[in-house]
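Enquirer: Right, I'll just put the structure down here and ask away after.
Every number here is computed from the coordinates shown, using simple stated rules; none is lab data. Model, not experiment: these values are computed from the prediction. With ideal geometry, Cβ positions are generated from the backbone for all residues, glycine too; neighbour counts draw on all protein chains shown.
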């Protein structure tokens, strides 16, 4: 029975047509060696400021500050129930300058959308990151409200997502 809730931020920054993504360390308990965006758990006291939670995670993992990013926007929210009820908050932004900082969570890389299908992504990230890339292209200033999705998970992972 699912009886707990967690929220996580996932940040996908763009610079000159490439996207800063994270390959999680091989030592990670969850999703080792899988690709995703930068981010992490929303702390209970941050539930009333999700943007601040995302920016905290971005700074902790990469050293990148809000002043380095234009159009930092929440694009999509995915809710699913795998082990617990989980809300994934996908943010995008335009990084003002190229950086490739070290990251304790794994290895950062600048990836083109054409490379996405060849990388071992976390299933939820694979389902959503290409969509937020398109969202950012279609709405570069982040004026559209975030899209909401409900994910169906089975033992083998994410089966499908229904978007509003």
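Enquirer: Taking strands (runs of 3 or more DSSP E) that fall entirely within region 2-58, which contain at least 3 residues that are closer than 15 Å to residue 126 by Cα? Step through it out loud before you land on a result.
Expert: On the way: elements: 5-15, 18-24, 38-41.
The strands (runs of 3 or more DSSP E) meeting that bar are 5-15, 18-24.
Enquirer: Continuing with this model, one more query. Residue by residue through region 109-138, note down the ones that are free of Cβ contacts under 8 Å to residues at least 24 places away in the same chain and either closer than 22 Å to residue 70 by Cα or assigned to a loop (DSSP other than H, G, I, E, B) (or both).
Expert: 130, 134, 137, 138
Enquirer: Taking into account only those residues within region 139-164 that are under 16 Å from residue 78 (Cβ atoms), assigned to a loop (DSSP other than H, G, I, E, B) and in contact (Cβ under 8 Å) with a residue 12 or more places away in the chain, which is nearest to the chain's Cα centre (by Cα)? Give the steps one after another, and end with the answer.
Expert: Initial filter on region 139-164 (under 16 Å from residue 78 (Cβ atoms)): 145-154, 157-164.
Checking which are assigned to a loop (DSSP other than H, G, I, E, B) leaves us with 145-146, 164.
This time we only want the ones that are in contact (Cβ under 8 Å) with a residue 12 or more places away in the chain, so: 146, 164.
Values: 146: 14, 164: 19 Å.
Among those residues, the one meeting the criterion is 146.
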